[in-house]
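Below is one structure; the comments refer to it alone.
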Amino acid sequence: MSPHEARLSDLREGDRAVLKELDLPHHTAEHLMCLGFIPGVEVTVGKSGPGGDPRVYNVDGSNVALRSDVSANVCVLPKMYRTQS
Amino acid sequence: MASAVEIGNLRPASPEAKVHSVAIVGPPNSGKSTLFNRLTGLRQKVANFPGVTVEHHLGYIRNRDGEEVALIDLPGIYSLTPKSEDERVTVDVLRGEMPGTPKPDAIILILDAMNLSRHLVLAARVIAVGLPTLVLLNMGDSLKAQGGSLDVLALARELGTPVALISAAKGEGLDVVQRFLSAKGTTPAPAAIPVINDVVRCREWACTVAQNSSYRKPLPSKWTQRLDGIFLDKKYGPVIFAVVVIAVFQCIFALGQPLSDGFKGLLDFAGRHIGGLLPVGLFQSLLIDGAWSGVTSVLAFLPQILLLFLVIGVLEDSGYLARAAVITDRTMRKVGLNGKSFIPLLSAYACAVPAIMATRTIEDKRDRIATILIAPFMTCSARLPVYTMVIAAFIPERRILGPFFGSKAAAMLGLYVIGFLAAIMTARILKSSILRSKDSPFILELPPYRWPTVQSLGLRLYDRSKAFVVRAGTVILAVSLVLWALTHLPLHNGQPPEIGNSIVAKAGHVIEPVIRPLGFDWKIGVGLVTSIAAREVIISTLGTLNGIDPESHALSLQQALHNQLTLGGAIALLVFFAFAMQCTSTLAVVRRETNSWKWPLIQFSYMTVLAYLGALAANVLVGRFFA
């Protein structure tokens with residue numbers, strides 16, 4: 001993972017990022033791609049269930065809820081970094 | 001509505017070729033069912049493909065020449081690579097390889113106009129099947145309202161098929177379907193559609209096609225974002241979820257109960273009236289005490305059950321159920337279940353049979369079996385009559401949360417809760433022992449919020465009423481008649497015996513020692529046996545038995561029940577029904593889904609033992625503390 005990359009699960013509500021790679025079993029990756037999770041597409045982080053998981057991601061106009069075990073294996077390039085305080 | 005369709009692409013293949021059957025294909029949430037309902041109205045039925053468990057609707061529509069065309073509503077799919085059973089069935093049907101189902105002559109492909117580039121990926125694969133295809137872009141009205149646009153003719157050229165913008169919910173632009181069906185046996189012009197199995201490249205093609213058709217994506221729905229902001233709020237989301245659940249129960253009680261009571265009064269009045277017209281004798285008794293009182297005691301719950309289906313229908317059609325799945329996922333995971341189990345489990349609140357069929361979306365086999373095994377613990381609508389009757393007879397109405405939530409609704413909610421707890425505890429045991437497996441991924445698309453349409457809700461209720469009335473007219477009627485006959489045998493000098501000396505009473509007395517510790521008498525015992533056919537049969541059984549018994553003949557079923565049971569016995573009866581597997585349809589569907597007798601037998605024994613022990617505990621505890 002290059003220094004600019006992050007895991008989708010690391011982002012916070014309202015963050016935006018460009019999808020880079022789906023490091024998932026073929027079956028799961030293909031399902032995600034059918035839902036619009038294609039490398040190069042922009043994803044926005046939305047609301048989540050209680051405790052922050054699963055989280056809703058907006059990609060290409062659809063809202064898809066993912067558990068963190070899936071989103072932790074999705075590699076993204078964040079569009080904007082938030083300063084850690 | 002721009003029903004702009006490039007009908008020029010429709011060219012007759014041969015004058016004789018006619019369209020006899022059309023398959024409707026589309027991704028989930030694209031408005032497929034709405035379109036299907038619009039086109040066929042009430043002329044449809046639910047069916048299963050032979051040999052597999054995938055459910056589909058079959059409906060009929062007349063073309064312009066007045067000929068009947070069959071419409072097959074296939075399951076919602078994301079792709080045509082046969083991964084899940086749904087996708088495999090769709091591929092088989094389209095290729096004409098599904099035994100017993102003729103190959104469709106044409107396809108109606110419905111896509112969501114709001115998200116064209118994504119859905120065109122599916123279009124590529126469906127058009128490549130090579131059948132004449134009509135592409136309908138649903139939600140054409142919202143596309144424009146939200147600032148999107150599309151050159152329909154350009155898209156038709158790109159795809160080589162007729163294309164039309166429609167609104168299935170409003171019924172706009174649907175005349176194009178008639179034109180498509182009447183353009184007898186057309187073939188699509190050969191379009192340069194790549195047969196690609198790589199999603200990324202297919203997507204690139206889709207984006208190019210969308211671009212060439214001047215597709216401008218609409219702005220995301222503000223309402224969906226706003227409502228998600230409320231319903232998935234960290235603090236308020238779970239609170240709203242709890243309020244929704246409580247409101248559903250209160251509504252079924254506060255609103256459904258008077259409706260059912262009124263309906264029951266009406267049916268009883270009709271029964272007395274019909275009885276008065278007949279000469280007194282065995283035939284009158286058979287008709288009124290046997291058939292009529294048995295069937296109507298169950299039929300009376302129709303209004304309440306319809307109310308339940310209406311409420312679940314509103315929650316599902318509006319899009320809230322998917323949010324509820326997100327909110328409850330954490331809990332589901334704690335018991336070792338996939339979040340995908342939530343939706344089948346939720347629909348099990350209506351009926352376990354479709355719920356068990358819905359588990360086929362769960363890829364992991366062990367998760368699927370675990371979900372099948374726990375689904376019947378969810379309080380299905382057949383338990384509702386039993387719960388309502390016993391609660392109405394035994395629980396006094398007291399306010400708990402002001403006028404909104406009373407003690408009867410609380411008792412009902414309590415029964416739903418113990419069913420749910422039994423389910424998650426069972427899931428936990430199964431998932432940490434014989435059905436242990438790795439977590440499978442939770443991926444759930446959240447549809448945009450929509451107003452549920454009167455048409456789609458109406459059709460659901462019609463479907464349910466039909467199923468319910470058919471069951472009352474077959475299974476319940478048959479059980480009532482047999483029961484009536486058994487209460488009138490053996491004959492003594494040509495006269496029926498006192499009910500206490502009848503075959504039924506004797507059989508009931510045989511099981512009585514087993515159920516005596518639960519606080520049940522022989523009549524309840526007979527009810528427990530007959531209700532193995534279907535839960536609500538206990539009501540008709542008690543209706544018949546008490547209707548014939550001179551001691552309780554004049555009493556309503558509630559009053560008769562009140563004399564029959566102690567409070568402990570009543571609570572025990574409720575607990576028994578919460579846990580027991582009293583449903584042959586469910587057992588049959590579990591047998592079919594798991595393809596073995598092992599699971600339904602395990603399930604039936606486990607649930608019966610749990611029901612017996614639960615009822616025993618309830619009777620003993622209530623007897624000790626409240627008597």
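The table below gives the values:
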{"item": "Restricting segment B:522-541 to residues that are outside any loop (DSSP other than H, G, I, E, B) and aliphatic (A, V, I, L, M), the residue that is nearest to the chain's Cα centre (by Cα)", "result": "B:ALA534"}
{"item": "Residue check for B:ILE400: farther than 26 Å from B:ARG464 by Cα, open to solvent by 10 Å² or more (accessible area, probe 1.4 Å) and at pLDDT 85 or above", "result": "no"}
{"item": "Hits in segment B:68-80 (condition: over 25 Å from the mean Cα position of the chain (by Cα), modelled with pLDDT of 80 or more and of a type outside the set (Val, Ile, Thr))", "result": "B:GLU68"}
{"item": "Scan of segment B:197-230 for residues that are charged (D, E, K, R), within 9 Å of chain A (Cβ to nearest Cβ) and touching a Ser or Thr at 6+ places or on another chain (Cβ under 9 Å), ordered by number", "result": "B:ARG203, B:LYS217"}
{"item": "Candidates B:ILE443, B:ILE434, B:ILE476 - the one that is among the aliphatic types (A, V, I, L, M) and surrounded by fewer than 16 Cβ atoms within 10 Å (Cβ to Cβ)", "result": "B:ILE434"}
{"item": "Lone unmet requirement of (1) touching a strand residue (DSSP E or B) at 6+ places or on another chain (Cβ under 8 Å); (2) within 14 Å of another protein chain (Cβ to nearest Cβ); (3) part of a helix (DSSP H, G or I) for B:ASP233", "result": "(3)"}
{"item": "Residues being at pLDDT below 75, open to solvent by less than 50 Å² (accessible area, probe 1.4 Å) and among the small types (Gly, Ala, Ser) - total across segment B:169-221", "result": "4"}
{"item": "Residue within segment B:227-241 that is of a type outside the set (Phe, Trp, Tyr) and within 21 Å of B:LYS144 (Cα to Cα) present", "result": "no"}
{"item": "Total residues in segment A:47-64, condition in contact with a helix residue (DSSP H, G or I) (Cβ under 8 Å, 6 or more places away or on another chain), within 17 Å of A:VAL18 (Cβ to Cβ) and more than 7 Å from every other protein chain (Cβ to nearest Cβ)", "result": "1"}
{"item": "Which numbered condition B:VAL326 fails, given (1) within 14 Å of another protein chain (Cβ to nearest Cβ); (2) surrounded by fewer than 21 Cβ atoms within 10 Å (Cβ to Cβ); (3) β-branched (Val, Ile, Thr)", "result": "(2)"}
{"item": "Close pairs from segment A:6-35: first within 13 Å of chain B (Cβ to nearest Cβ) and within 17 Å of B:CYS202 (Cα to Cα), partner of a type in the set (S, T, N, Q) and open to solvent by less than 10 Å² (accessible area, probe 1.4 Å), Cβ under 6 Å, at least 6 apart", "result": "A:CYS34/B:SER79"}
{"item": "Odd one out for B:GLU97, checked against (1) part of a strand (DSSP E or B); (2) open to solvent by 40 Å² or more (accessible area, probe 1.4 Å)", "result": "(1)"}
{"item": "Flag if A:THR44 is at pLDDT 90 or above, out of contact with any helix residue (DSSP H, G or I) (no Cβ under 7 Å at 6 or more places or on another chain) and more than 7 Å from every other protein chain (Cβ to nearest Cβ)", "result": "yes"}
{"item": "Of all residues in segment B:432-476 being aromatic (Phe, Trp, Tyr) and part of a helix (DSSP H, G or I), the one that is nearest to the other protein chains (Cβ to nearest Cβ)", "result": "B:TYR462"}
{"item": "Pairs with Cβ under 6 Å, 6+ apart, first in segment A:47-62 and over 14 Å from B:ARG330 (Cα atoms) and aromatic (Phe, Trp, Tyr), second open to solvent by less than 30 Å² (accessible area, probe 1.4 Å) and at pLDDT below 90", "result": "none"}
{"item": "When residues of segment B:446-473 are limited to those that are at pLDDT 80 or above and among the basic types (Lys, Arg), the one surrounded by the fewest Cβ atoms within 10 Å (Cβ to Cβ)", "result": "B:LYS466"}
{"item": "Hits in segment B:122-143 - residues which are in contact with a helix residue (DSSP H, G or I) (Cβ under 8 Å, 6 or more places away or on another chain), assigned to a helix (DSSP H, G or I) and either open to solvent by 10 Å² or more (accessible area, probe 1.4 Å) or free of Cβ contacts under 8 Å to residues at least 24 places away in the same chain (or both)", "result": "B:ARG125, B:ILE127, B:SER142"}
{"item": "Every residue from segment B:104-114 that is open to solvent by 10 Å² or more (accessible area, probe 1.4 Å) and closer than 17 Å to B:PRO448 by Cα", "result": "B:ASP112, B:MET114"}
{"item": "Subset of segment B:329-346 that is surrounded by fewer than 23 Cβ atoms within 10 Å (Cβ to Cβ) and out of contact with any Phe, Trp or Tyr (no Cβ under 7 Å at 6 or more places or on another chain) - its residue that is modelled with the lowest pLDDT", "result": "B:ILE343"}
{"item": "Residue ID - farthest from the chain's Cα centre (by Cα), chosen from residues in segment B:349-368 that are surrounded by 21 or more Cβ atoms within 10 Å (Cβ to Cβ) and modelled with pLDDT of 80 or more", "result": "B:ASP367"}
{"item": "Residue tally, condition within 14 Å of chain A (Cβ to nearest Cβ) and open to solvent by less than 10 Å² (accessible area, probe 1.4 Å), over segment B:73-89", "result": "2"}
{"item": "Of the criteria (1) within 14 Å of chain A (Cβ to nearest Cβ); (2) under 28 Å from the mean Cα position of the chain (by Cα), which one B:VAL298 fails", "result": "(1)"}
{"item": "Any hit, segment B:268-281, residues being hydrophobic (A, V, I, L, M, F, W, C), open to solvent by 40 Å² or more (accessible area, probe 1.4 Å) and outside any helix (DSSP H, G or I)", "result": "yes"}
{"item": "For B:ALA393: the one exception among (1) open to solvent by 10 Å² or more (accessible area, probe 1.4 Å); (2) assigned to a helix (DSSP H, G or I); (3) at pLDDT below 80; (4) under 26 Å from B:PRO303 (Cβ atoms)", "result": "(3)"}
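Okay, residues lined up against (1) of a type in the set (Ser, Thr, Tyr); (2) farther than 30 Å from B:PHE625 by Cα:
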site	(1), (2)
B:THR541	yes, yes
B:GLY547	no, yes
B:LEU555	no, no
B:ALA560	no, no
B:ASN563	no, no
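The values are calculated or read from the model by the stated rules, or taken from the named source; none is laboratory data. Here the structure is a predicted model, which means the values were calculated and not measured. Because the Cβ atoms are built from the backbone with ideal geometry, glycine has one as well, and the counts that use them run over all protein chains shown. Each accessible area value is taken on the protein alone, full model and side chains, heavy atoms only, with ligands, DNA and RNA left out. Shrake-Rupley method; radii C 1.70, N 1.55, O 1.52, S 1.80 Å.
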